[in-house]
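What follows is a set of notes on a single structure, which appears directly below.
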Amino acid sequence: MALNDFADSSASRSLGRPQGIWSALHLDPILLVLLLALISGGLFILYSGADRNIDVVKAQGIRLGVAFVVMLAFAQLDPSVFRRWAPWLYAAGIAALLAVLLVGVGAKGAQRWLAIPGLPRFQPSELMKLVVPMMAAWYLSRHYLPPRFRHVCAGLAIVLVPMMMIIQQPDLGTSLLVGMAGLFVVFFAGISWKLITAFVAMVSVAAPMMWFFVMRDYQKQRVLTLLDPQSDPLGAGWNIIQSKTAIGSGGIDGKGWLQGTQSHLEFLPESHTDFIVAVLAEEFGFIGMLVLMTLYFLIILRCLYISVTAQDSFSRLLAGALTMTFFIYIFVNVGMVSGLLPVVGVPLPLISYGGTSGVTLMAAFGVLMSIHTHRRMISA
């Protein structure tokens with residue numbers, strides 16, 4: 001950390017907030033307890049979703065432990081550090097996405113990963129979920145808000161460039177999350193409803209063109225399957241049909257932990273990753289889903305409070321965008337598992353098995369805690 005950053009952090013501790021363990025660690029205790037409750041419950045469900053494979057749970061625990069350390073590290077940094085480094089991180093992210101397209105590692109028909117000697121394989125597009133809103137917030141906060149039309153266009157370009165590069169991998173789910181993260185920044189900057197209406201109209205006009213010229217055959221099949229899963233019940237429609245069956249069979253209080261038939265008899269695909277919420281619904285029923293959604297709601301509510309109480313434009317825009325991105329994660333995953341949205345491969349945050357996604361999410365929560373705990377006292 002630079003000398004100026006250390007001075008800013010010291011001033012925050014001495015002027016802004018009372019001393020204590022939470023202040024010293026720059027952690028928000030309310031958000032921390034909610035996250036730990038979610039992670040603990042997630043490991044509990046993962047054990048069942050992975051068909052009682054304790055090695056999967058241990059691996060996920062290690063990954064989430066690393067993610068927690070990342071969150072703690074990000075929380076120590078003053079928000080000015082993120083603002084200063086945003087352009088450099090964005091440039092590095094674009095370079096990494098370009099490297100993926102040129103020399104990336106492929107798997108299951110997609111080329112999304114980078115394998116650097118001496119480092120574990122990672123997915124640069126996941127990191128852009130944090131970097132893109134950071135860059136958009138950096139740019140727009142440098143100008144008067146609400147932004148003028150040319151600044152809105154520049155902000156949209158910041159979002160669309162990495163989004164289009166991710167689509168080429170192809171990874172439609174991640175590209176949509178990255179795009180939404182950046183668009184939330186533009187929206188929170190205070191653009192007029194005329195521009196919003198014009199943007200919606202442009203998207204509506206572009207949608208047919210995307211269908212014919214951008215979307216791949218398997219992506220089109222996902223949309224068609226959403227509209228009529230029974231058209232191919234043993235093929236493309238299998239996932240949605242089995243997922244909806246699992247959710248519906250759970251009833252009010254579920255079949256009980258480890259008693260789900262759809263997942264343990266291997267009818268439900270990807271039961272420990274994208275479709276893990278179906279395992280929860282089958283084994284704990286409506287009550288279990290209500291508890292999970294309440295926990296998510298409280299986390300989002302706390303993050304929105306942090307966003308509203310942030311003391312500068314950059315922090316408010318970034319915190320608001322990260323909060324709403326977390327909401328989109330939940331909305332898309334639950335929507336696709338319940339058959340309301342196409343299957344796009346979006347994990348249930350901090351519940352589904354996975355590494356890079358969890359680290360990115362916890363890093364975002366670290367940024368939110370940094371914004372909240374580095375506030376300065378404003379004298380009257």
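I need the phi-derived Karplus couplings for segment 79-94: 6.51 cos²θ - 1.76 cosθ + 1.60, θ = phi - 60°, integer Hz, Gly and Pro marked x.
x, 5, 5, 5, 5, 6, 8, 3, x, 5, 5, 5, 4, 5, x, 4
Does segment 314-368 come out rounded, prolate or oblate by the C-alpha gyration tensor, with a ≥ b ≥ c the root eigenvalues, rounded set by a/c under 1.5 and, if not, prolate when a/b is larger than b/c and oblate if not?
The shape class here is oblate.
Please give the Cα centre distance for segment 177-214 versus segment 259-328, rounded to the nearest Å.
First find each Cα centre; the distance between them is then 24 Å.
Grab the eigenvalues of the alpha-carbon gyration tensor for segment 127-244, scale each by 5, take roots, and send me the semi-axes largest first in whole angstrom.
Each semi-axis is √(5λ); the values are 33, 15, 13 Å.
Evaluate segment 193-310: find the radius of gyration of its Cα atoms, find its Kirkwood radius, and give the ratio Rg to Rh.
When Rh is taken as the Kirkwood radius, the ratio is 1.12.
Rank Leu127, Leu35, Leu298 by mean-square fluctuation in a GNM of the chain with C-alpha springs under 10 angstrom and give only the top-ranked residue.
For the chain, modelled as a Gaussian network with Cα springs under 10 Å, the answer is Leu298.
Going by amide H atoms built from the backbone, whose H comes under 5 Å of the H on Val105, apart from near neighbours?
For Val105, whose amide H was placed from the backbone, the distant partners under 5 Å are Arg112, Trp113, Leu114, Ala115.
Rolling a 1.4 angstrom probe over the protein heavy atoms, how many square angstrom per residue are accessible across the chain?
48 Å²
If amide H atoms are built 1.01 Å from N in the plane of the peptide, which residues on other chains or at least 5 residues away come under 5 Å of the amide H of Tyr353?
Thr273
What are the radius of gyration and Dmax of segment 14-154, computed over its Cα atoms and given in Å?
19.5, 55
Can you tell me which of 47-60, 361-374, 162-175 comes out highest on packing, and rank the rest after it, using the mean Cβ neighbours within 10 Å?
361-374, 162-175, 47-60
Defining a contact as two alpha carbons under 8 Å apart and six or more residues distant in sequence, what relative contact order in percent does segment 227-380 show?
22 percent
Rounded, prolate or oblate, given the Cα gyration tensor of segment 25-78, with a/c below 1.5 counting as rounded?
In terms of gyration-tensor shape, oblate.
Which value at 222 nm does the chain reach when only helices count, each DSSP H run of 4 or more adding -39,500 (n - 2.57), with the total divided by all residues and rounded to the nearest 500 deg cm²/dmol?
The helix contribution divided over the chain gives -23000 deg cm²/dmol.
Once phi is turned into ³J(HN,Hα) by the Karplus curve 6.51 cos²θ - 1.76 cosθ + 1.60 with θ = phi - 60°, what whole-Hz value does each residue of segment 176-190 show in order, with x for glycine and proline?
Values, residue by residue: 5, 5, 4, x, 5, 4, x, 5, 4, 4, 4, 5, 5, 5, x Hz.
Report in % the part of the accessible area of the chain that belongs to carbon and sulfur, leaving out ligands and nucleic acids; probe 1.4 Å.
Carbon and sulfur together cover 70 percent of it.
Which order do the peptides 341-348, 68-75 take when ranked by the mean count of other beta-carbon atoms within 10 Å per residue, highest first?
Listed from highest to lowest mean packing, they are 341-348, 68-75.
Per residue of segment 254-266, in order, report the coupling 6.51 cos²θ - 1.76 cosθ + 1.60 (Karplus, θ = phi - 60°) as ³J(HN,Hα) in whole Hz, putting x for Gly and Pro.
x, 8, x, 4, 6, 10, x, 7, 4, 7, 6, 9, 6
In terms of modelled amide H atoms, which long-range or inter-chain residues lie less than 5 Å from the amide H of Leu341?
Met336
May I ask for the percentage of alpha-carbon pairs in segment 74-179 that lie more than 16 Å from each other?
Tail fraction, whole percent: 60.
The values are calculated or read from the model by the stated rules, or taken from the named source; none is laboratory data. This is a predicted model, so every value here is computed, not measured. For neighbour counting, all protein chains shown are included, and Cβ atoms are generated from backbone atoms with ideal geometry for every residue, glycine included. In case anyone asks, the SASA skips ligands and DNA or RNA and just uses the protein heavy atoms, side chains included. Shrake-Rupley method; radii C 1.70, N 1.55, O 1.52, S 1.80 Å.
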